[in-house]
2 protein chains.
Amino acid sequence: MQKDNQAVLLHSGGQDSTTCLMWAIKKFKKVYVLSFDYGQRHKSELKAAHQIAKKLNLPHKTIKLPVIKELTKNALTDKKIKISTGKGLPSTFVDGRNQMFLTVAAIYAKQKGIPNLVTGVCQTDYSGYPDCRDEFVKSLQKTLRLAMEFPFKIYAPLMNLTKAETVKLMKKLGGMELLKYTHTCYEGTRPACGKCPACKLRLKGFKEAGEVDPINYKK
Amino acid sequence: MQKDNQAVLLHSGGQDSTTCLMWAIKKFKKVYVLSFDYGQRHKSELKAAHQIAKKLNLPHKTIKLPVIKELTKNALTDKKIKISTGKGLPSTFVDGRNQMFLTVAAIYAKQKGIPNLVTGVCQTDYSGYPDCRDEFVKSLQKTLRLAMEFPFKIYAPLMNLTKAETVKLMKKLGGMELLKYTHTCYEGTRPACGKCPACKLRLKGFKEAGEVDPINYKK
């Protein structure tokens, strides 16, 4: 039986997917939270995802995908690689990551009869990640439908929002409290470093939205 | 550096991918052979792939993808499920398998600077697998390019051939001898059962091509 009022939400433990989660529980009757252990340096992301799902009393599953770390070289899985955002793809870009995540999420969702997938990808505050673009998400949705003959629908509610708009959306959804459990920092420190590209983008968003970020930063 | 004269070939250990392999070594200067251990019932497929790559003196890598067996229920990974081909998708269809394989192969290939992927999928002797259709392969190629900003090209040289034409192609390529190492039977027996849908399709192809299948079948 096809369950059109249920969704599988991909959760990284960060601000964006937590905002999407609040969005999803208002839109769908039941939401399954899915995270991926792909060998990322900071397991705090996975702990954050689990904690947030628990707070909302939602089922949470972490799927192991060691193949990503086995095959790729990037600053998110290898601490020897410096975080850089110069010409070309940033060193934090993980080849094929979103495609793998959404493909596995689709396989998982289909077994439950669920066509809806929710992801926090966003093309506005463009970090140079090609697999965060709307064009990619639309193409992947079509490919998934063809692959499994199932009417998958990928929702990316933050796709065209700025970080400030995402903060405002979360406020509107009544989820600001939840953001204190999220993890964003590329360096993986707590308090967060406040200096890496991910921290900077997050801080800029809160500032522009006129809100206070509930997590702690290094002085 | 982009290596346009090299390719990564996906090898299941079967007749089709072995034929593609012969095709690929004539078309490309260097071919990397890639297989997937996704929890399939018959490890003889993987042994066959390794043996064939070795015969041709080509690098062979098997990538573990246990997530497929963890998430899906089908007759190829679960011996409790009967092989059936009635209405709807056959019980041997593995949700998302080709999309996962080609996505992982693309990630692997990109790390080496290789844009070319070769797969043995075929839509002619249609087994009811949606992820063997040309439409799917074309859509996936587009999605992969968008995901990683890399000019992937998926070659599926058997896409529009009948099984008989595939046998004839292999004869032309001079690879008939290699077929004796291939594994096709869904039951995983040696000699092959000769009765499952995969064996029947294979036997029909050899018969129509007027050639003798070099593997043994149960009397």
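Structure values in brief
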| item | result |
| --- | --- |
| Flag if A:K55 is over 24 Å from B:S139 (Cβ atoms), touching a residue at least 40 places away in the same chain (Cβ under 8 Å), surrounded by fewer than 16 Cβ atoms within 10 Å (Cβ to Cβ) and out of contact with any strand residue (DSSP E or B) (no Cβ under 6 Å at 6 or more places or on another chain) | yes |
| Qualifying residue in the range A:59-73 (condition: open to solvent by 10 Å² or more (accessible area, probe 1.4 Å), touching a residue at least 24 places away in the same chain (Cβ under 8 Å), part of a helix (DSSP H, G or I) and under 18 Å from B:V94 (Cα atoms)) | no |
| B:A164 being of a type in the set (G, A, S) and out of contact with any Cys (no Cβ under 6 Å at 6 or more places or on another chain) | yes |
| Among the residues listed as B:T184, B:T189, the single one being touching a helix residue (DSSP H, G or I) at 6+ places or on another chain (Cβ under 7 Å), more than 14 Å from chain A (Cβ to nearest Cβ) and β-branched (V, I, T) | B:T184 |
| Residue in the range B:147-155 that is over 19 Å from B:A48 (Cα atoms) and basic (K, R) present | yes |
| Hits in the range A:127-143 - residues which are part of a loop (DSSP other than H, G, I, E, B) and within 13 Å of chain B (Cβ to nearest Cβ) | A:G128, A:Y129, A:R133 |
| Residues of the range A:89-114 satisfying the condition of being within 9 Å of another protein chain (Cβ to nearest Cβ) and either part of a helix (DSSP H, G or I) or open to solvent by 30 Å² or more (accessible area, probe 1.4 Å) (or both) | A:L89, A:R97, A:N98, A:Q99, A:M100, A:T103, A:V104, A:A106, A:I107, A:Y108, A:K110, A:Q111 |
| Of all residues in the range B:45-75 being away from chain A (no Cβ under 14 Å) and hydrophobic (A, V, I, L, M, F, W, C), the one that is farthest from A:K64 (Cα to Cα) | B:L56 |
| Lone unmet requirement of (1) part of a strand (DSSP E or B); (2) within 24 Å of A:L201 (Cα to Cα) for A:E45 | (1) |
| Tally of residues being of a type in the set (G, A, S) and in a loop (DSSP other than H, G, I, E, B) across the range A:1-31 | 3 |
| Condition met for A:P151 (within 14 Å of chain B (Cβ to nearest Cβ), in contact (Cβ under 8 Å) with a residue 24 or more places away in the chain and open to solvent by 50 Å² or more (accessible area, probe 1.4 Å)) | yes |
| All positions within the range B:165-200 that are modelled with pLDDT under 90, open to solvent by 20 Å² or more (accessible area, probe 1.4 Å) and under 15 Å from the mean Cα position of the chain (by Cα) | B:T184, B:Y186 |
| Selected residue (only one of B:L158, B:L146, B:L117 is away from every other protein chain (no Cβ under 13 Å), out of contact with any Lys or Arg (no Cβ under 6 Å at 6 or more places or on another chain) and within 24 Å of B:Y32 (Cβ to Cβ)) | B:L158 |
| Index of the failed condition, B:Q123 passing every other in (1) in contact (Cβ under 8 Å) with a residue 40 or more places away in the chain; (2) in contact with an Asp or Glu (Cβ under 7 Å, 6 or more places away or on another chain) | (1) |
| Filter result for B:L34 (more than 14 Å from chain A (Cβ to nearest Cβ) and either surrounded by 23 or more Cβ atoms within 10 Å (Cβ to Cβ) or not in a loop (DSSP other than H, G, I, E, B) (or both)) | no |
| Residue in the range B:201-219 that is nearest to B:I81 (Cα to Cα), counting only those that are surrounded by 14 or more Cβ atoms within 10 Å (Cβ to Cβ) and among the small types (G, A, S) | B:G205 |
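The values are calculated or read from the model by the stated rules, or taken from the named source; none is laboratory data. Note that this is a predicted model, so its numbers are computed, not measured. Cβ atoms come from the backbone with ideal geometry, glycine included; neighbour counts cover every protein chain shown. In case anyone asks, the SASA skips ligands and DNA or RNA and just uses the protein heavy atoms, side chains included. Shrake-Rupley method; radii C 1.70, N 1.55, O 1.52, S 1.80 Å.
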